[in-house]
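FYI, it's all coordinate maths here, none of it is from the lab. Nothing here was measured: the structure is a model prediction, and the numbers come from that model. Here Cβ is always computed from backbone atoms with ideal geometry, including for glycine, and neighbour counts include all displayed protein chains.
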């Protein structure tokens, strides 16, 4: 009879150790998702900071394109809202990307603007930022996939339910045209 108690105790200890390890894995994944989101958020902020300089540079050459400038400014303000979810950020970034595309279309009509050093530097910085956002999105979405898989698989889903670990949202674009970085080659 003693060995039955020992076996039962061993099973309980194993179950407790597994539950603790699973809980800690969820905490690690949740923190990794949050960290990777903050990296994207930093790059999005950098993008948002570049846009006013870009708009001002283009304004100097194409002052009559006021509607385009207002559209970019409004889209930037909406995309910079810190209270949005990843899906909300993705939707607003799609709108901003489309507005930037129209801004660059305006810039194409001005050869002297395309040769402007400030414009070229801003263009390069924006391209580099877009690349970093894309890399950050891939990293974030991989972490979200790992967390979501763990939340949904059995038996870790038991621990997820007990401690309110939930699925995270992916950061992805819905518009196929917006999946492309704005064309900035002149």
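Summary of computed values
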{"read-out": "Residues that are under 23 Å from the mean Cα position of the chain (by Cα) and under 12 Å from residue 29 (Cβ atoms), drawn from the range 146-165", "value": "146, 147, 148, 149, 150, 151, 165"}
{"read-out": "Unique match (being in contact (Cβ under 8 Å) with a residue 40 or more places away in the chain, outside any helix (DSSP H, G or I) and either within 21 Å of residue 148 (Cα to Cα) or more than 11 Å from the chain's Cα centre (by Cα) (or both)) among 23, 61", "value": "61"}
{"read-out": "Residue count for the range 71-113, restricted to those that are surrounded by fewer than 16 Cβ atoms within 10 Å (Cβ to Cβ) and in contact (Cβ under 8 Å) with a residue 60 or more places away in the chain", "value": "3"}
{"read-out": "Qualifying residue in the range 13-25 (condition: within 29 Å of residue 92 (Cα to Cα), surrounded by 12 or more Cβ atoms within 10 Å (Cβ to Cβ) and touching a helix residue (DSSP H, G or I) at 6+ places or on another chain (Cβ under 9 Å))", "value": "no"}
{"read-out": "Odd one out for residue 96 among (1) closer than 21 Å to residue 39 by Cβ; (2) in a helix (DSSP H, G or I); (3) out of contact with any helix residue (DSSP H, G or I) (no Cβ under 8 Å at 6 or more places or on another chain)", "value": "(3)"}
{"read-out": "The range 114-123, residues that are in a helix (DSSP H, G or I) and crowded, with 17+ Cβ neighbours inside 10 Å", "value": "119, 122, 123"}
